[in-house]
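A short write-up of the structure that comes next.
The values are calculated or read from the model by the stated rules, or taken from the named source; none is laboratory data. Remember, predicted model here, so these are calculated numbers, not experimental data. Glycine also receives a Cβ, built like all others from the backbone with ideal geometry; neighbour counts cover every protein chain displayed. Accessible surface is based on the protein model in full, side chains and every heavy atom, while ligands, DNA and RNA are left aside. Shrake-Rupley method; radii C 1.70, N 1.55, O 1.52, S 1.80 Å.
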Protein chains: 4
Amino acid sequence: MTQMKAIVKTETSFGASLKRVPVPTPGPGEVLVKIMATAICGTDVHVYEWNKWAQGAVKSLPRVMGHEFSGEVLELGEGVKNLIKGDRVAGETHIPCGKCYQCKNGLQHICANMVLFSIDSDGCFAQYTVIPEICARKIPEDIPWEHGAMMEPLGTSVRAAQEVVPAGANAAVIGAGPIGLGAVTALKALGAARIIVSDISDDRLSIAAEVGATHLLNPLKEDVTAKVMEITSGVGTDSFIDASGSVRAISEGFRYLRKGGRVALVGLPSEPISLELGPQVIFKEAKIIGIHGRKMFETWTVMENLMAGGLLELDPIVSHILPLEDFEKGFSLLKEGKGCKIILDPWQEGQLPTLQE
Amino acid sequence: MTQMKAIVKTETSFGASLKRVPVPTPGPGEVLVKIMATAICGTDVHVYEWNKWAQGAVKSLPRVMGHEFSGEVLELGEGVKNLIKGDRVAGETHIPCGKCYQCKNGLQHICANMVLFSIDSDGCFAQYTVIPEICARKIPEDIPWEHGAMMEPLGTSVRAAQEVVPAGANAAVIGAGPIGLGAVTALKALGAARIIVSDISDDRLSIAAEVGATHLLNPLKEDVTAKVMEITSGVGTDSFIDASGSVRAISEGFRYLRKGGRVALVGLPSEPISLELGPQVIFKEAKIIGIHGRKMFETWTVMENLMAGGLLELDPIVSHILPLEDFEKGFSLLKEGKGCKIILDPWQEGQLPTLQE
Amino acid sequence: MTQMKAIVKTETSFGASLKRVPVPTPGPGEVLVKIMATAICGTDVHVYEWNKWAQGAVKSLPRVMGHEFSGEVLELGEGVKNLIKGDRVAGETHIPCGKCYQCKNGLQHICANMVLFSIDSDGCFAQYTVIPEICARKIPEDIPWEHGAMMEPLGTSVRAAQEVVPAGANAAVIGAGPIGLGAVTALKALGAARIIVSDISDDRLSIAAEVGATHLLNPLKEDVTAKVMEITSGVGTDSFIDASGSVRAISEGFRYLRKGGRVALVGLPSEPISLELGPQVIFKEAKIIGIHGRKMFETWTVMENLMAGGLLELDPIVSHILPLEDFEKGFSLLKEGKGCKIILDPWQEGQLPTLQE
Amino acid sequence: MTQMKAIVKTETSFGASLKRVPVPTPGPGEVLVKIMATAICGTDVHVYEWNKWAQGAVKSLPRVMGHEFSGEVLELGEGVKNLIKGDRVAGETHIPCGKCYQCKNGLQHICANMVLFSIDSDGCFAQYTVIPEICARKIPEDIPWEHGAMMEPLGTSVRAAQEVVPAGANAAVIGAGPIGLGAVTALKALGAARIIVSDISDDRLSIAAEVGATHLLNPLKEDVTAKVMEITSGVGTDSFIDASGSVRAISEGFRYLRKGGRVALVGLPSEPISLELGPQVIFKEAKIIGIHGRKMFETWTVMENLMAGGLLELDPIVSHILPLEDFEKGFSLLKEGKGCKIILDPWQEGQLPTLQE
């Protein structure tokens, strides 16, 4: 075991390559993990397509891509204390410095000097990866590998759902991609009464219905605000979670939000948003929170308990499980809007592209 | 419509009488309600049996008993603005003064000068009742009358469940009477992962299982603390809700509660509790809250939304629906531990006791 | 006592007139108040100048202007229960409907059908005014009239200070007008450790220093963000309160706010704000709240206690006490940036303009 | 530097000895600290007197006593990353395991496997001590050593003050020892309007007045509840903090607490408390929290900011600064109730007792 398959970003242009590279060695405080499942995220698409954000964020190449994974601890670096070989783990991708104001004040998930797994270090679209001990979260036995690989994005969804005070509430979710769908199933699990989901894809809306949405709205076909006001008897929603990054949809959310409502912003817009703070925020006394990740590790604890209780619907969110070799197909499916959460399996051989040494 | 049937406490001793009494007239700010369903609560049993608490609390007789009800608004007293004839309502039994510190600071449900419906005024074990407008909560069309009559105690359960932060948590409920069972179904609706219920009655435990309990413990048969620690992998529960009023069980709860856990106290002990504050509260940093009622009306809003979403299991909690005339049977069933929530219907004639004028 | 002096907006153009008008009569649930002090707010300036906002908001003329006041209860309308003649009161200007979702859920201060005192009803730049009982807040004996007249805007400041979690924090306040200065003294009273105030007027900054600011920044003279980062050792502020309504300054606030920080927005921008949600809100996990008024009446209680304890510095915020007759001078002073909080006294005669009948 | 002076508990009986012992060596992740000031706490008195609690808690002898300290980092053990030689530090005495449920969920200060500095390891009544890096809190330059040595207990006080929501509130503090006095000055800093302190020692009450108490009550001389009700206009206090451990006084606190009030329990009673949960907790909807330490390190951050802003009055709490050699005098002063916070200085020679090798 000295070489492994990995999807590597080598060029400052579109695409990536399946290559044979050395298995990494865990340094002090790190562990080597055998990847059992890994999932493609929107961020990976940015890196793959080498868009403007990726050009700014990825400082050096080559870089093994991918950050969502589950796997088994194979080797312990020096000084590792809290894990043993054979532990099943999922990856927390925010690697905290342990020294900054945030790390010292219960906010290590938004560390001021955060190292992003797969952006600032090699990632997990591979057969093995190395990650700091603190970011290898031990997960319960009964969580299947593909669910384990989804926990990183799902944790963001769970946290967003918690922050908007879901109990008995009428909530809206904008965008029915994996984050939005995770928010839907989390809202349902946490007692939201009405869950209104908007998306421009009817296919995604139908998945939303499977995981808990009570009302589906397609802004291409109907007036979302008018419908929301009807569903909520003219009051507006108690909250909305944005998982679309669409500035137009977010701005609309601030219109159908009720006075005193809550907002969790997760999706990253590619352009500035224009808001009229008076009517959209101040007169409403809107409470808004930006969500950048999972609390380490309160969110993981809640998520695992919900999963253990069978309270989250995850299978409908998985659209494909592909061999690692089929990564280009995976990226294409996402680009065409045909995929939802796509899992890559590094041990199942697929339609093999030629391996580059 | 000048006379009505009512269960009246007339004597300072055990029991009550079914009597024919005048239909009351709503004063300014009050409404007359036609009772469609009314339910027996533990407090009613105290008054019926005329125990020590009742002797202190009920200041004058005769008094129409009963405080849990749903019904239809029939007449409006002078100055009533927020209700119209025909509105379907449930009774909020905490009648606030509107002037005290609590009423002026968002805490009218624990008004310093609170008038208790049926203790300080005539109640609702009758065909009609009068209640201040503010305490006649309009309820949605699709809530059946018998569920409406359960909302007052259920609101206490829902609030307790909210206060212990149920999301993804491992919670314990002590006591599987109507309040405890309401807490179980509320905890389940709000995303508790494991719901451990303890009660000395296997019958009640089996109802708990129907409404959402994941683990059932009978302290007569097993070591509750040992079992709880096993279920929670040695951590202890994230919270417990006491709905038993048993000082022994509450004290035990403070032992299996995890460090940093939360406690909601609802059940009223008949004797002082003895606590070792060091190990049971301080070293644990337990967070304890006493619950005396429903927030007016945030709790009602949440409860109605949960009911509208079909998220609460209420039918298993109703053990009997009896005609008003059978009230003595109702009290006997409760006394014998054979009943759970018993609904009285003032319009369905039963085995008629002789009516006293 | 049938006629009184009042400043009346009569024309749909710049200005207002001092007129003799009938003393109003309190309707059911209302009280007649003898005005002892009244203060000019930015909103009054909008109405006076008849800007675009005022043209949309003020539905009918003539209208007695002014909404900030203190005074004495002179007469009770029918059904008034919680006040007696002679009570000293200050005005809460958000008149709630009592029926809407917000009123029923502890949020009457942002009532969906809110009537704004002086916009939707006659105001208090007069010798007498009429206001609903619920909005006449009884105030302690030892609060001087001019402080009483400042409580409405001050309550907004106190609330903003509370919402940003001031204890031991490094807070910024943008804008040193009356609201901003109120926020400064409130932050100081509530334990903020460093209070950084920015304003383009050095005069206002010097008042900020008198009421508790620890650091003063003039954006015309220095790089605010650079200075803030220096003061906070590179961390950024724990929070900022905007009381300027300047979209440029708010946007800058989102840059010097630390990760995990809090924002209270009070000032009303006259144009849309453009925000980059990723870096300014989401990666920061900023927590933002819009503030539109005082909680009724939790905020009043806190404010009165702080005032009773001598914990708020209010006198430096009062720049002028003028007779009602000098209202034009008052508006001019504000327009020229020479005034801060200007109090009008309806019983002290000044340079009398000719009274219009 | 191989030997140092230290106060050592050697015998399972009353007392301790000043001895010459080896300077300890920091292990991996630990630092050696030169003690500049150390303070005597009630827990040290228990160990000194070898009471029942101490007999159970201290597992092995000999043991260097003392846990409150400030000092300078002299040597770094292997792998220490966040400190350098010369750093000024104060000691956090809760040494977390890093693995338990609490440590993984933001509650390391109440770690399930907590090692208590000076109970489970050697302490700091000495010229040098060794402590894990995580528990050596770097403190600002301008904090004098004797204040640094008080930060551990003061942090408990600050946290208690924060937990009872002090802003604009009427708070009571039971017990005017160092913890209670710290709570008084913290309450004042955080905006409590009225601070009522009760203690049986008039001397201590007079210190309370110096650090911010607005009302002083001696239960030996007056009816505390009656006075509290008078001070609070019949409402009761918004909160109370117990720093006495007196079950009688705590029980009384639950009587003068207003409905909806908050309680922070810090003092450790030596006997069980008897509470009537109905009237004392449930009907009041009291919110109670046990406080066992400082949040790591949010509380430290707040405390340091408050100290930096000059917002805490600490000097009146220090009654004596003695040479380490005079420790017996220190314990005697505390026993006789003549001392408040007593600082020991290990570098200033006093009336030397004979050193034992």
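Extending each Cα 7 Å along its Cβ direction at B:L116 and B:W53, get the distance between those two points in nm, one decimal.
Roughly 0.7 nm, to one decimal.
Hey, which aspartates and glutamates would be in cross-link range of C:K99, C-alpha to C-alpha under 15 Å, not counting anything within fewer than 8 residues on its own chain?
B:D87, B:E133, B:E298
Summing -39500 (n - 2.57) over the DSSP H runs of n ≥ 4 in the protein assembly as shown and dividing by its residue number, what mean residue ellipticity at 222 nm do you reach, to the nearest 500 deg cm²/dmol?
Details: 40 runs with 388 residues, N = 1428.
Counting only the DSSP helices, I get -8000 deg cm²/dmol.
Quote the charge dipole size of region B:155-290 about the Cα centre in Debye, to the nearest 20; the model charges only the Cβ of Lys and Arg (+1) and of Asp and Glu (-1). Provide the component values of the computation, followed by the final result.
Working: 13 positive and 14 negative charges, 76 e Å.
In total the dipole reaches around 360 debye.
Leaving ligands, DNA and RNA out of it, rank A:L334, B:L275 by accessible area with a 1.4 Å probe, largest first. It would help to have the intermediate numbers written out before the result.
On the way: A:L334 40, B:L275 10 Å².
Result, largest first: A:L334, B:L275.
Restrict the search to region A:30-81; then list the GluC sites (Glu not before Pro) that DSSP places in a loop and that have at most 16 other Cβ atoms within 10 Å of their Cβ.
Details: sites: A:E30, A:E49, A:E68, A:E72, A:E75, A:E78; in loops: A:E78.
When the GluC sites (Glu not before Pro) of region A:30-81 are filtered for loop state and at most 16 Cβ neighbours within 10 Å, A:E78 remain.
What figure, in Å² to the nearest 10, do you get for the accessible area of A:C103 with a 1.4 Å probe and non-protein molecules left out?
Accessible area, nearest 10 Å²: 30 Å².
Please list the radius of gyration and Dmax for region B:11-118, considering alpha-carbon atoms only, with Å as the unit.
15.5, 42
On the full set of protein chains, 1.4 Å probe, figure out the accessible area of D:S270 and give it in Å² to the nearest 10.
120 Å²
Taking 7 Å along the Cα-to-C-beta vector as the label spot, tell me the B:L61-C:E222 distance in nanometres, rounded to one decimal.
7.9 nm
Tell me the GluC sites (Glu not before Pro) within region D:162-251 that lie in a loop according to DSSP and have at most 12 other beta-carbon atoms within 10 Å. Present the calculation step by step, with values, prior to reporting the outcome.
On the way: sites: D:E163, D:E210, D:E222, D:E230; in loops: D:E222.
Of the GluC sites (Glu not before Pro), the ones in loops of region D:162-251 whose Cβ has at most 12 other Cβ atoms within 10 Å are D:E222.
Strictly greater than 63 Å: what percent of every Cα pair in the protein assembly as shown meets that? Mind dumping the intermediate values first?
Values: 145971 of 1018878 pairs.
The calculated P(r) of the protein assembly as shown puts 14 percent of pairs beyond 63 Å.
Give the span of region C:59-184's Cα atoms along each principal axis, as three whole-Å numbers ordered largest to smallest.
Result for region C:59-184: principal-axis Cα extents of 49, 36, 32 Å.
Shortest first and in nm with one decimal, please list how far the C:W53 label point sits from its counterparts in the other copies (point 7 Å along Cα→Cβ).
3.5, 5.4, 5.8
Summed for both chains, how many Å² of accessible area, to the nearest 100, are buried between C and A with a 1.4 Å probe?
On the way: alone 15550 and 15550 Å², together 27930 Å².
Protein heavy atoms only, the C-A interface buries about 3200 Å².
Using only Cα atoms, what is the ratio of the radius of gyration of chain C to 2.2 N^0.38 Å? Mind dumping the intermediate values first?
Numbers: Rg = 20.3 Å, N = 357, 2.2 N^0.38 = 20.5 Å.
Ratio of Cα Rg to 2.2 N^0.38 Å: 0.99.
With a cap of 10 neighbouring Cβ atoms within 10 Å, and only residues DSSP puts in a loop, list the chymotrypsin sites (Phe, Trp or Tyr not before Pro) found in region B:7-82.
Details: sites: B:F14, B:Y48, B:W50, B:W53, B:F69; in loops: B:F14, B:W50.
Answer by residue number: B:F14.
For region C:205-357, give the percent of accessible area contributed by carbon and sulfur heavy atoms, probe 1.4 Å, rounded to a whole number. Don't skip to the end; give the middle numbers.
On the way: 2870 of 6030 Å².
Carbon and sulfur: 48 percent of the exposed surface of region C:205-357.
Can you pull the accessible area of B:H320 for me, 1.4 Å probe, Å² to the nearest 10?
Approximately 40 Å² for this residue.
Among A:A57, A:V31, A:I110, whose Cα lies farthest out toward the positive end of the dipole of chain A, if unit charges sit on the beta carbon of Lys, Arg (+1) and Asp, Glu (-1)?
A:I110
Using the Cα centre of region D:155-290 as origin and beta-carbon charges of +1 (Lys, Arg) and -1 (Asp, Glu), tell me which of D:V247, D:L277, D:A169 is placed farthest towards the positive end of the dipole.
Result: D:A169, furthest along the dipole toward the positive end.
At a Förster distance of 56 Å, what's the computed FRET efficiency of A:S332 paired with B:E72, Cβ-Cβ distance as r, to 0.05?
Details: r = 62 Å, r/R0 = 1.10.
With R0 = 56 Å, the Cβ-Cβ based efficiency is 0.35.
With all protein chains present and a 1.4 Å probe, how do C:E313, A:E92 order by accessible area, largest first? Don't jump to the answer; show the numbers that get you there.
Details: C:E313 85, A:E92 0 Å².
Descending order: C:E313, A:E92.
With the solvent-accessible surface defined on protein heavy atoms using a 1.4 Å probe, which residues belonging to region A:97-114 display a reduction of at least 20 Å² in accessible area in the multichain context relative to the isolated chain?
A:K99, A:Y101, A:Q102, A:K104, A:N105, A:L107, A:I110
What FRET efficiency, computed as 1/(1 + (r/R0)^6) with R0 = 22 Å and r the Cβ-Cβ distance, is obtained for C:K85 and C:D142, rounded to the nearest 0.05? Before the final figure, lay out the partial values.
Working: r = 20 Å, r/R0 = 0.92.
So the FRET efficiency works out to roughly 0.60.
Would you tally the net charge around B:I131, using a Cβ to Cβ cut-off of less than 9 Å, leaving B:I131 out, and scoring K and R as +1, D and E as -1? List each step's numbers first, then the result.
On the way: positive: none; negative: B:E30, B:E92, B:E133.
Neighbourhood net charge equals -3.
About the Cα centre of region B:232-357, how large is the charge dipole given +1 on each Lys and Arg Cβ and -1 on each Asp and Glu Cβ? Please answer in debye to the nearest 20.
Numbers: 13 positive and 17 negative charges, 178 e Å.
Using Cβ point charges on Lys, Arg, Asp and Glu, region B:232-357 gives about 860 debye.
Pick out which of B:A57, B:A16, B:A264 has the largest mean-square fluctuation in a Gaussian network model of chain B, springs linking Cα atoms closer than 10 Å.
Greatest mean-square fluctuation among the candidates belongs to B:A57.
Specify the inter-centroid distance of region D:211-269 and region A:133-159, based on alpha-carbon positions, in whole Å.
47 Å
How big is D for region D:225-357, in µm² s⁻¹ as a whole number, if Stokes-Einstein is applied with the Kirkwood radius of its Cα pairs at 20 °C and 1.002 mPa s? Write out the running numbers ahead of the final one.
Details: Rh = 18.3 Å.
The estimated diffusion coefficient comes to 117 µm²/s.
Taking the label point as lying 7 angstrom from Cα along the Cα-to-Cβ axis, what are the distances from A:G98 to the corresponding position in the remaining copies, in ascending order and in nanometres?
Values, ascending and in nm: 0.6, 6.2, 6.2.
Under a 1.4 Å probe, what is the accessible area of region B:256-310 per residue, stated in Å²? Kindly include the intermediate steps, with their values, before the conclusion.
Numbers: 1560 Å² over 55 residues.
Ligands and nucleic acids excluded, the result is 28 Å² per residue.
Lysine pairs, Cα distance under 29 Å, 8 or more residues apart or cross-chain: how many in region A:252-357? Before the final figure, lay out each step's value.
Details: A:K259/A:K284; A:K259/A:K287; A:K259/A:K295; A:K284/A:K295; A:K287/A:K295; A:K295/A:K341; A:K329/A:K338; A:K329/A:K341.
Going through region A:252-357 pair by pair, I get 8.
Axis carrying A onto D: which residue of A has the nearest Cβ, and how far, whole Å?
That would be A:G106, 3, residue then distance in Å.
For region B:155-290, take every pair of Cα atoms, bin their distances at 5 Å starting from 0, and report each bin as a whole percent.
Percent of Cα pairs in each bin: 2, 12, 24, 27, 23, 10, 2, 0.
Where nothing but the Cβ of Lys and Arg (+1) and of Asp and Glu (-1) is charged, how large is the charge dipole of chain B around its Cα centre, in debye to the nearest 20? List each step's numbers first, then the result.
Values: 34 positive and 42 negative charges, 186 e Å.
Here chain B has a charge dipole of around 900 debye.
In Å, what Rg and Dmax follow from the Cα atoms of region D:193-260?
For region D:193-260, the Cα radius of gyration and maximum Cα-Cα distance read 11.3, 33 Å.
Looking at chain D, send over the antiparallel percent of its DSSP beta bridges, to the nearest 5. Intermediate results must be reported in sequence, preceding the final value.
Values: 32 of 59 bridges.
Given both bridge residues lie in chain D, the antiparallel proportion sits at roughly 55 percent.
Using only the Cα atoms of region C:237-307, what semi-axes does the equivalent ellipsoid have when each is the square root of 5 times a gyration tensor eigenvalue? Give whole Å, largest first. Please report the intermediate quantities before stating the final value.
Numbers: eigenvalues 128, 45, 19 Å².
They are 25, 15, 10 Å, listed largest first.
Take the alpha carbon atoms of region D:19-74, find their center, do the same for region C:299-338, and report the distance between the two centers in whole angstrom.
56 Å
Enumerate lysine pairs in region B:4-59 that are 8 or more residues apart or on different chains, then count those whose Cα atoms are under 21 Å apart.
On the way: B:K5/B:K19; B:K5/B:K34; B:K9/B:K19; B:K9/B:K34; B:K9/B:K52; B:K9/B:K59; B:K19/B:K34; B:K19/B:K59.
The number of close lysine pairs in region B:4-59 is 8.
Which percent, nearest 5, of DSSP beta bridges in the protein assembly as shown are antiparallel? Please report the intermediate quantities before stating the final value.
Working: 140 of 248 bridges.
Antiparallel bridges make up about 55 percent of those DSSP assigns within the protein assembly as shown.
Using a label position 7 Å from Cα in the Cα→Cβ direction, what is the ascending list of nm distances from D:D315 to the same site in the other copies?
Nearest first, the other copies' label points are 2.7, 7.2, 7.5 nm away.
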